[in-house]
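Accompanying notes for the structure given below.
Here, each number is a calculation from the coordinates, and none is a lab measurement. The structure presented is a predicted model; accordingly, all values stated were derived computationally and were not measured. Virtual Cβ from ideal backbone geometry, glycine too; neighbours counted across all protein chains shown.
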Amino acid sequence: MIVFWPTVNKGVNGPPYTISASGWGCPGVAGMVYSVMALPHSMSAQELLRWYIDAGVDETIADGPVNRFQEKPKAANPAAPPAPLDLGGKKKDLADAAAPTPSSSPSLPEASPEMPLLPPQGGANGEVTSAVHLAQSAESVDELRGALETFDGCGLKKTATKLVFTDGNPEAPILFVGEGPGAEEDRQGLPFVGPSGKLLDKMLASIGLDRTGVLISNTVFWRPPGNRTPTPQETAICMPFLERLIELVDPKILVALGGPAAKSLLAETMSVGRLRGKWFSYSMPGLARPIDATALYHPAYLLRSPGQKRVTWMDWLGIKSKLQAP
């Protein structure tokens, strides 16, 4: 218990002695009075100290009360403003003295076509900028894979075992994009090779497709630790490579598998349950034409919720119809 020293007043009609809280310097408790039982004579300093010990007071923090609500007094002698500088008989204020003269101002280099204006190469913005330049330099899917192998801007690469980029046919008319690699994908270096990948293969076979007729990738190309959802920063750093992949493959249909992929590609905040069964127009400056895009439940979700396979089957029939359309 911490307390200020209150005043002790002798009682008249009430208990023999009272301790008033008005000495605490706190207006909120100024009217509060604590009664104590004591001897009918004056309380000595030793008796008062004993009473505080019995009451549980074990520390004092000041010699007297302090009213924290009062404004602090201003300094008696405020510092006088500095005198103006005397420069050769001419007085000059400090503000003027600090200002550089035209002759001493350093000249800035003029912008030229050879000096590109780029954002600072630091933090997430710098990594995204590096990813954009590296991705745009690739002229084929193989070159894009090589660029990813040399890229160290994504922190996921430090904890992953292998790069997981694509699997399938780069000339296929349909591109599937998932969320990120799992444990088995990290071991093999291929997307969708675990239990969810086996279910994806069965769904492809249901409409007469296999991995030789499709291309599969992810929004991030290294496994997130613990199979967690990739952070927005990690997705943003990998997005230039995914967009370049879409430009190079130029598929007829783009399919987002799962919520994170749908939000990244379709720029939609709705859940997959509200996006599935609908078609969107995906376009970028590097594409010759817009691409038909849709979203499906992720195969891993279907393994946990098999009741959604029925509506997913209808979505796959819609994809088959799009592929067969001229």
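State to the nearest 20 debye the size of the charge dipole of region 186-316 about its Cα centre, where the only charges are +1 on K and R beta carbons and -1 on D and E beta carbons.
Numbers: 16 positive and 10 negative charges, 96 e Å.
Here region 186-316 has a charge dipole of around 460 debye.
Can you sort Ile53, Ile319 from fewest to most other Cβ atoms within 10 Å of each residue's own Cβ? Working shown, then result.
Details: Ile53 10, Ile319 21.
If I rank by nearby Cβ atoms, fewest first, I get Ile53, Ile319.
Report the one residue of Gln188, Pro306, Ala256 whose Cα lies farthest in the direction of the positive end of the charge dipole of region 123-324 (charges on C-beta: Lys and Arg +1, Asp and Glu -1; origin at the Cα centre).
Looking along the dipole axis, the top candidate is Pro306.
Where does each of Arg304, Arg145 land when they are ranked from fewest to most other beta-carbon atoms within 10 angstrom? Before the final figure, lay out the partial values.
Details: Arg304 8, Arg145 16.
Least crowded to most crowded, the residues run Arg304, Arg145.
Please compute the modelled spin-label separation between Met284 and Thr161, points set 7 Å along Cα→Cβ, answer in nm with one decimal.
Inter-label distance under the simple model: 3.0 nm.
Using the 2.2 N^0.38 Å rule of thumb for compact globular proteins, work out how region 126-175 stacks up: its C-alpha Rg over that value, please. Don't skip to the answer; put the middle values down first.
On the way: Rg = 12.1 Å, N = 50, 2.2 N^0.38 = 9.7 Å.
Normalised by 2.2 N^0.38 Å, the Cα Rg of region 126-175 equals 1.24.
Can you sort Val249, Val164 so the residue with the fewest Cβ neighbours within 10 Å comes first? Could you put the intermediate results ahead of the total?
Working: Val249 23, Val164 27.
In increasing order of surrounding Cβ atoms, one gets Val249, Val164.
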